[in-house]
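K.L.:
First the structure, which I've put down as structure tokens, then a few questions once you've had a look.
The values are calculated or read from the model by the stated rules, or taken from the named source; none is laboratory data. A quick note: this is a predicted structure, and the numbers were derived from the prediction, not measured. Cβ placement follows ideal geometry from the backbone for every residue including glycine, while neighbour counts extend to all protein chains displayed. SASA here: full protein model, heavy atoms, side chains in, ligands and nucleic acids out. Shrake-Rupley method; radii C 1.70, N 1.55, O 1.52, S 1.80 Å.
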Amino acid sequence: MKKYLLFATVAVLVVSVQAQDKSKAVYRDASGNSKIDQESNSALIKQTVVPNEKAASTVLIGTSYNAYTILGDRQNQVVYNPAINTVGFVHRQNNGGAGGSGIISFDYSPDGGANWAVNPFQLTPNLGGGDGNRYPNITIYNPVANTNPNNAYVVVTGPQLKTGTFSGASGWEGTFRSSASLTGANVDEQYMMLSTDVAGDYNEWGAAGLYTAANGVVFYATTNYDNAQTNLVADNYSKYFINKGVFNSSNNNFDWTVADTIIPNWYSTMNFTAGMLTNDASLPNMAWSPNGMTGYMVALGAEDNGSGNSMWRPYVMKTTDGGTIWNNVNDYDFSTDSILQCYIWGTNASNGTIQRPFFSTYHMVDDANGELRIFAEIASGFSNHPDSLNYTFAARQAGFLFEVATNGAGWDVTFVDSILVDDYVWDTPNALSHYVRPQAARSQDGTKVFYTWLSVDPIIGSIERDLPDIFSVGHEVGTGLWTPITDLSTGNNSNYTAAYQTMAVDVIENGSDKSWELPIVYGTAIGGAPLSNGLAAAQWNFIRGIGFNQSDFTQTPLPNPCAVSVNELEVERTIFIYPNPTNGIIEIQLTNVNEFNYTIVDVVGNVIAKEKIVGSKTTINLSNRALGIYFVTINSEKVSITKKVILTK
């Protein structure tokens, strides 16, 4: 199923959002990933080879003891290397594997995803004296001019669990870094602890963005975490480490160093659970240009740089020399962006006059021009009070998907899609949900970028992401053309079951079915049913043959629907639509007219109501419509104007 980016030809007036009560707010926790799980399992599954499957189908690959391996949106858990046509997926080892659930393994396909070696060997068999490894990243190091997968190396990294020596708290201590030839030779398992908390315990965690740049150097980023919850300013997201690995051909492993240590100055806000202030920040990510010279490290948070801007936004470091020197990119007040002003709700106490864009879940790539492209859910901040910086409106119609791009100097924002369904909590005891989970990829030359996320087929009419499908869109950065938004799950086994989809940064080009095929892995329960228990064994699935062709790049993005001219401001004073936001009933009233026409469309351009009214006012019932934004166009002899209406509950 496809839906098209809405092309608007009529300017739309901003309608301020009325105040919402506190029950409409939700706290956005910065830590994101849970660290507690168990080693129990119910089924022993050890696949070794999966036969060739038809195109646009799903291939069963590895399993894991449970779902606590793939929850993070910033983990690069799928990799594709075009020189050897090899796809890889890293995970905690197959359900029932020797040594327990904390050992990291992987699956790989040396023929572009058709046939897979599943769980061929363990990458972290020794565990480094810790309690287990979690949330792994993967990349492939391929020697110069090599075309034989057997000569390439798999590289993985992720956080290690361990009980603190001094605090006694179980939590994140350091990072595992393991590499091996794809043949299973030269397995090298290393552990690094780069950060120490005030109690004296190691507390590094959050490895993300692992990638092999074009120059053959491997990079990833980590941060720190206060496991004991004793000093959430000094020990929580207070430092970020850019880690660098260089292949040592004499030892057939990697020499690891810290390329840079970044210490931002964050705002702090009250963590009411811990009863203390905490840094207003979160996990890092990284992206690299196709030539390997331009790279970015991003962490979301509220940087206190003296500007007074306390909104959650990207904190960006950039290199242009292959990772030697890193500099902070110019900050930006996203509340001043005209596109975001159109979509983001006003804060609770401002009656719509103050907007606080809140960057939530995201992923990112670096394009052919060395420009960073962040694909993010941006929610509506609830309040600018110092104790409420992490609160957003709970209603999902207050959040949207945007592409946010920067070259290090300016910023550009493009609306992609609305989030019209709630996160679905599929495992209540463990608080696991199907969230929107944006992912980003690019063509090998970086001229095209591709975004995926989880939503539900509109024909279902669901208000939750309970039957998740993988949706996608492509953007050709040179021409500015986009593809239609496409449901990639239609016609394959991921339909209604695609939990925690994760995508490689580099796409497969000139595949058997599409010019650009997206290497995506998603999770189900064993047997293919939807996940229902986070502590039960999970099955991972690779989707073959999905993506886009050149002929799909036909759409232009939605122009700013809130642009207002001076004449339109005069017209606006003669037209009233209220209440707005509404629970379903709206009144339209015009002055000095005897008749008018109205048309209501949703955010993708579908006409849901239209009528000619004899008189100057009418009542419209939208209560049976999906929550979200609608555009009401009014035409009469004297006026023609469009206004935005928000339907909430």
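K.L.:
With respect to SER462, determine if the residue is part of a loop (DSSP other than H, G, I, E, B) and either modelled with pLDDT under 95 or surrounded by 21 or more Cβ atoms within 10 Å (Cβ to Cβ) (or both).
P.N.:
Yes.
K.L.:
With the checklist (1) of a type in the set (Ser, Thr, Tyr); (2) crowded, with 18+ Cβ neighbours inside 10 Å; (3) over 21 Å from the mean Cα position of the chain (by Cα); (4) closer than 22 Å to GLN190 by Cβ in hand, flag the one item THR278 doesn't pass.
P.N.:
Against the list (1) of a type in the set (Ser, Thr, Tyr); (2) crowded, with 18+ Cβ neighbours inside 10 Å; (3) over 21 Å from the mean Cα position of the chain (by Cα); (4) closer than 22 Å to GLN190 by Cβ, THR278 comes up short only on (4).
K.L.:
Separate question: Looking only at residues that are within 22 Å of LEU454 (Cα to Cα) and touching a Gly at 6+ places or on another chain (Cβ under 8 Å) in the range 394-422, which one is most open to solvent (accessible area, probe 1.4 Å)?
P.N.:
LEU420
K.L.:
Exactly one of these conditions fails for ASN348: (1) in a loop (DSSP other than H, G, I, E, B); (2) open to solvent by less than 20 Å² (accessible area, probe 1.4 Å). Give me its number.
P.N.:
(2)
K.L.:
I'd like the full set of residues that are open to solvent by 40 Å² or more (accessible area, probe 1.4 Å), of a type in the set (Val, Ile, Thr) and under 26 Å from GLY323 (Cα atoms), limited to the range 173-212.
P.N.:
Once the filter is applied, which keeps residues that are open to solvent by 40 Å² or more (accessible area, probe 1.4 Å), of a type in the set (Val, Ile, Thr) and under 26 Å from GLY323 (Cα atoms), the range 173-212 yields only THR196.
K.L.:
Name every residue in the range 68-104 that is small (Gly, Ala, Ser) and not in a loop (DSSP other than H, G, I, E, B), in order of residue number.
P.N.:
If the condition is that a residue be small (Gly, Ala, Ser) and not in a loop (DSSP other than H, G, I, E, B), then GLY88 is the only one that fits.
K.L.:
Consider ALA299 against the criteria (1) at pLDDT below 95; (2) within 25 Å of HIS363 (Cα to Cα); (3) part of a strand (DSSP E or B): it satisfies all of them except one. Which criterion is unmet?
P.N.:
ALA299 satisfies every listed condition except (1).
K.L.:
Something else about it: Kindly evaluate VAL449 against the criterion of being touching a residue at least 24 places away in the same chain (Cβ under 8 Å), assigned to a strand (DSSP E or B) and among the β-branched types (Val, Ile, Thr).
P.N.:
Yes.
K.L.:
In the range 105-150, which residue that is modelled with pLDDT of 95 or more and in a helix (DSSP H, G or I) is least open to solvent (accessible area, probe 1.4 Å)?
P.N.:
Filtering first and then ranking leaves PRO149.
K.L.:
Now for a different question. Inspect the range 233-240 for any residue being open to solvent by less than 10 Å² (accessible area, probe 1.4 Å) and at positive phi and give the result as yes or no.
P.N.:
Scanning the range 233-240, I find at least one residue that is open to solvent by less than 10 Å² (accessible area, probe 1.4 Å) and at positive phi, so the answer is yes.
K.L.:
Which one of these is at pLDDT below 95 and β-branched (Val, Ile, Thr): ILE325, ILE374, ILE344?
P.N.:
The unique qualifying residue is ILE344.
K.L.:
Between a first residue in the range 194-212 that is under 11 Å from ASN76 (Cα atoms) and a second residue that is among the charged types (D, E, K, R) and open to solvent by 10 Å² or more (accessible area, probe 1.4 Å), which pairs have beta carbons less than 7 Å apart while being 6 or more apart in sequence or on different chains?
P.N.:
Qualifying pairs under 7 Å: ALA208/ARG74; GLY209/ARG74.
K.L.:
Say whether the condition of being in contact (Cβ under 8 Å) with a residue 12 or more places away in the chain, among the aromatic types (Phe, Trp, Tyr) and in a loop (DSSP other than H, G, I, E, B) is met by at least one residue in the range 432-441.
P.N.:
Yes - at least one qualifying residue is present in the range 432-441.
K.L.:
Looking at the structure I just gave you, is THR452 closer than 28 Å to LEU518 by Cβ and buried (at least 22 other Cβ atoms within 10 Å of the Cβ)?
P.N.:
yes
K.L.:
Please specify each residue of the range 262-296 satisfying the condition of being touching a Lys or Arg at 6+ places or on another chain (Cβ under 6 Å) and either of a type in the set (Ser, Thr, Tyr) or not in a strand (DSSP E or B) (or both).
P.N.:
If the condition is that a residue be touching a Lys or Arg at 6+ places or on another chain (Cβ under 6 Å) and either of a type in the set (Ser, Thr, Tyr) or not in a strand (DSSP E or B) (or both), then ILE263, TYR296 are the ones that fit.
K.L.:
I would also like to ask the following. Across the range 624-638, which residue is nearest to the chain's Cα centre (by Cα) among those that are open to solvent by less than 20 Å² (accessible area, probe 1.4 Å) and either over 21 Å from ALA398 (Cα atoms) or of a type in the set (A, V, I, L, M) (or both)?
P.N.:
The extreme case among them is ILE629.
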